[in-house]
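Since the structure comes first, as structure tokens, the remarks are kept for the end.
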Amino acid sequence: MISAKRMDWDTIYDYFPFPTDKYSKEDALNQFIPVQRETMKNKGNGYPFTAYEFQGEEYYSLVYDGTFDEEYLLNQGFSKEDLNDY
């Protein structure tokens, strides 16, 4: 499972379950393409950072949450279709 923080001021994460029979940890993380961005800090100074793009959305940060079995994910609100999307 990967948590990805959206590119805004809110602390909103999207969660992506990657099946372990198809993706290793590295393969799942590699689905998120690094892109260089810049944010403005105090006094108008630009500060470069790496964002990540996945399925047309950009994310500020990624967290590898570990592996979970299907039953656990279904109990957390994922549907069978969600789990089959990746």
For the chain, modelled as a GNM with alpha-carbon contacts under 10 angstrom, which of PHE32, PHE16, PHE49 fluctuates the most?
-> PHE49
Dipole of the chain, positive direction: furthest Cα of TYR86, VAL63, THR39, with charges on the beta-carbon | THR39
Could you calculate the FRET efficiency of ILE12 with LYS43 from 1/(1 + (r/R0)^6), where r is the beta carbon distance between them and R0 is 30 Å, rounded to 0.05?
-> 0.60
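Find the relative contact order for the chain and round it to a whole percent, using C-alpha pairs within less than 8 Å whose residues are 6+ positions apart. Present the calculation step by step, with values, prior to reporting the outcome.
Values: 113 pairs, mean separation 28.7, N = 86.
The normalised contact order for the chain reaches 33 percent.
Quick one, can you get me the convex hull of the C-alpha atoms of the chain expressed as volume per residue in Å³?
Values: hull volume 8.7 nm³, N = 86.
Given the Cα convex hull of the chain, per-residue volume reads 101 Å³.
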Length released on extending from PHE54 to LYS25, taking residue separation times 0.36 nm less the Cα-Cα span | 8.9 nm
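Could you size up the charge dipole of the range 8-86 around its Cα centre, putting +1 on the beta carbon of Lys and Arg and -1 on that of Asp and Glu, and report it in debye to the nearest 20?
On the way: 6 positive and 17 negative charges, 113 e Å.
The calculation lands at about 540 debye.
Lysine pairs in the range 2-84 8 or more apart or on different chains: how many have alpha carbons under 28 angstrom apart? Before the final figure, lay out the partial values.
Values: LYS5/LYS22; LYS5/LYS25; LYS5/LYS41; LYS5/LYS43; LYS5/LYS80; LYS22/LYS80; LYS25/LYS80.
The number of close lysine pairs in the range 2-84 is 7.
Coordinate-derived values only; no laboratory data. Nothing here was measured: the structure is a model prediction, and the numbers come from that model. In this analysis, Cβ positions are derived from the backbone assuming ideal geometry, glycine residues included, and neighbour counts consider all displayed protein chains.
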